[in-house]
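The values are calculated or read from the model by the stated rules, or taken from the named source; none is laboratory data. Please read these numbers as outputs of a predicted model, since none were measured by experiment. Here Cβ is always computed from backbone atoms with ideal geometry, including for glycine, and neighbour counts include all displayed protein chains.
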Amino acid sequence: DKTLRLAVIEGDGIGHETVPEGLKVLDAALEGSGITVETTPFDLGAGRWHRTGETLTEEDMAALAEHDAILLGAVGDPDVPSGVLERGLLLRLRFGFDHFVNLRPTRLVPGVVSPLADPGDVDFVVVREGTEGPYVGNGGTMREGTQLEVATEVSLNTAVGVERVVRYAFEQAAKRRGRLTLVHKHNVLVHAGHLWRRIVEQVGAEHPDVAVDYLHVDAATIFLVTDPARFDVIVTDNLFGDILTDLAGAISGGIGLAASGNINPTGAFPSMFEPVHGSAPDIAGQGIADPTATVLSVALLLEHLGHDAAADRVRRAVDADLAARTDAAARSTSEIGTALADAVRAL
Ligand code: IPM
Ligand code: MN
């Protein structure tokens, strides 16, 4: 029998409510597989910061690194200054564990209402670069508080960093419908844009089976609203990917359904799976948060660890549950989690 060592970071707000439901479904999906899930809770997030002033220590990183994967609920708290948890915890995990692929699938499941009148068959994945771009913190402030203040935020793009994520995106496209769209803004961001274009062209030569296309990020937002069915795999930089995946969530039933994987495909570090939504302090503690995005993140986790059949059952359980939902039958967080776990067992 094998053990799946899972580090669990509930984080803040509704993370405390959705993560236990994700774990319920994970257990259900692995029942009878001979794999035992062994979870280690990590106290990270606003609570820890308020108590100790710590966001993430070297010891935390070393302990997390001993695991096969990480499940994260949400981090963020209105009483913590902006950037503290984002940079000090979430981005530190992504950068420290070299999660260069930020995988964000978007599927409009039958029965789910899209704000688009005629969305068509929406099923694409955004492969967002996760360790570079404007997120690296490469910048600074001069003459702060004066009329002559200068602030820079420099986007870092390396050939190695772009190539590895572009390769991953081509592999995804080859396994899917064979279409890859690079999204950038090379008419303005000429330096980084040129690098991304050249590398997509080079790697594309190894994938004659994948049709490559290019959109400026502004045009991409138009097509995501007018014709999202045209997309199969989108590959893009860290910031464009952040923005596009919120839009992708919005057209496919809301951010409450959007899952993501922060992946290091080499296996050198544990990959981390998290819903795209935040800690939702406005509804936290009421037991009404929808755990579906966390459950779908568990499906990505299972797939990443090679348990494709289990991942598939989780997705099918979610699809069936979404198709049967009605406004009249509002369920609690744990009712949805239990229903999904039961459905997974029955498949
Ligand atoms: C996301 C979030 C994060 C990001 C923030 C919280 C740092 O918006 O996961 O999309 O910008 O990547
Ligand atoms: Mn975001």
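A few comments on the model shown:
- Matching option when the condition is closer than 26 Å to residue 277 by Cα, without any contact (Cβ under 8 Å) to a residue 60 or more places away in the chain and not polar (S, T, N, Q), among 137, 130, 111, 178: 137
- Selection within the range 162-175 - touching a residue at least 12 places away in the same chain (Cβ under 8 Å) and more than 15 Å from residue 239 (Cβ to Cβ): 163, 164, 166, 167, 168, 169, 170, 172, 173, 174
- Cβ pairs under 9 Å, 6+ apart, first in the range 143-161 and in contact (Cβ under 8 Å) with a residue 24 or more places away in the chain and part of a loop (DSSP other than H, G, I, E, B), second loosely packed, with under 11 Cβ neighbours inside 10 Å and not polar (S, T, N, Q): 155/191; 157/191
- Of the residues 194, 184, the single one that is modelled with pLDDT of 95 or more and closer than 27 Å to residue 277 by Cα is 184.
- Within the range 236-265, the set of residues being more than 12 Å from ligand 2 (Cβ to nearest atom), farther than 26 Å from residue 46 by Cβ and either assigned to a strand (DSSP E or B) or without any contact (Cβ under 8 Å) to a residue 60 or more places away in the chain (or both) comprises 236 only.
- Within the range 225-252, being buried (at least 19 other Cβ atoms within 10 Å of the Cβ), among the small types (Gly, Ala, Ser) and more than 12 Å from ligand 1 (Cβ to nearest atom) holds for one residue alone: 252.
- Of all the residues in the range 297-347, those that are buried (at least 16 other Cβ atoms within 10 Å of the Cβ), free of Cβ contacts under 8 Å to residues at least 40 places away in the same chain and under 18 Å from residue 106 (Cα atoms) number 4.
- Failed criterion for residue 269 (all others in (1) assigned by TED's automatic domain parsing to the domain that holds residue 192; (2) assigned to a loop (DSSP other than H, G, I, E, B) hold): (1)
- Some residue of the range 204-218 being away from ligand 2 (no atom under 16 Å from the Cβ), surrounded by 15 or more Cβ atoms within 10 Å (Cβ to Cβ), assigned to a helix (DSSP H, G or I) and not assigned by TED's automatic domain parsing to the domain that holds residue 9: yes
- Being aromatic (Phe, Trp, Tyr), out of contact with any strand residue (DSSP E or B) (no Cβ under 6 Å at 6 or more places or on another chain) and assigned by TED's automatic domain parsing to the domain that holds residue 128 holds for only one residue in 231, 223, and it is 223.
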